[in-house]
């Protein structure tokens, strides 16, 4: 079994690679760049990863594994009402996408096509599992009468796109805090899909 030092070094390589992949692009980043930023010779990288593509795959896999594991309980009906689960899902997603995992999420969008077909299928499968959690929340909300009878897939893509695009412009030093923004996204989504939408001149109940 590998020791803690080995695992810590692997994680450091991933952190460095994520930053370089985002700043220079996957194609513009060499193993030598990654090794140099970590403070050792590029041949040492092969002790931890087979090649650059495997580093990218691991970075994306860990990101999606984390998102799935952190939100999968929300796909179960006993974890709260559909409205409560939607709020929790959005809270968790924004904290992940706008926090320490910000770069990993951006790489999923920009560098997925650089993976070999086998690795790409695994990442897409994880992404589908992640989307299925929100799909279940929306479906349960429709069946429970909380949400209108709407296109579930389109709703999932729209909410996810709003969250993902936030990575481009949101800043913790801006005029709105992360909790405030999370609440805004939730209220925006809820008003769009709830079974009793708020009248234009009305207020939230």
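The values are calculated or read from the model by the stated rules, or taken from the named source; none is laboratory data. Being a predicted model, the structure only gives us computed values, none of them experimental. Cβ atoms come from the backbone with ideal geometry, glycine included; neighbour counts cover every protein chain shown.
Okay, here's what the table says:
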read-out	value
Given (1) over 21 Å from residue 195 (Cβ atoms); (2) surrounded by fewer than 14 Cβ atoms within 10 Å (Cβ to Cβ), number of the condition residue 153 does not satisfy	(1)
Residue list for the stretch 55-81, filter: without any contact (Cβ under 8 Å) to a residue 12 or more places away in the chain and either crowded, with 19+ Cβ neighbours inside 10 Å or assigned to a helix (DSSP H, G or I) (or both)	69, 73, 78, 79
Single unsatisfied condition, residue 135 versus (1) more than 18 Å from residue 154 (Cα to Cα); (2) modelled with pLDDT of 95 or more	(1)
Leading residue by the ranking (modelled with the lowest pLDDT) among those in the stretch 44-54 that are assigned to a helix (DSSP H, G or I) and buried (at least 19 other Cβ atoms within 10 Å of the Cβ)	45
Hits in the stretch 17-43 (condition: part of a helix (DSSP H, G or I) and within 17 Å of residue 62 (Cβ to Cβ))	17, 18, 19, 20, 21, 22, 34
Residue check for residue 185: in a helix (DSSP H, G or I), modelled with pLDDT under 95 and either out of contact with any helix residue (DSSP H, G or I) (no Cβ under 8 Å at 6 or more places or on another chain) or within 15 Å of residue 90 (Cβ to Cβ) (or both)	no
First in the stretch 145-170 and farther than 20 Å from residue 183 by Cα, second anywhere and surrounded by fewer than 16 Cβ atoms within 10 Å (Cβ to Cβ), Cβ under 6 Å, 6 or more apart	145/195; 148/195
Out of 63, 41, 58, 23, sole residue that is at pLDDT below 90 and assigned by TED's automatic domain parsing to the domain that holds residue 87	63
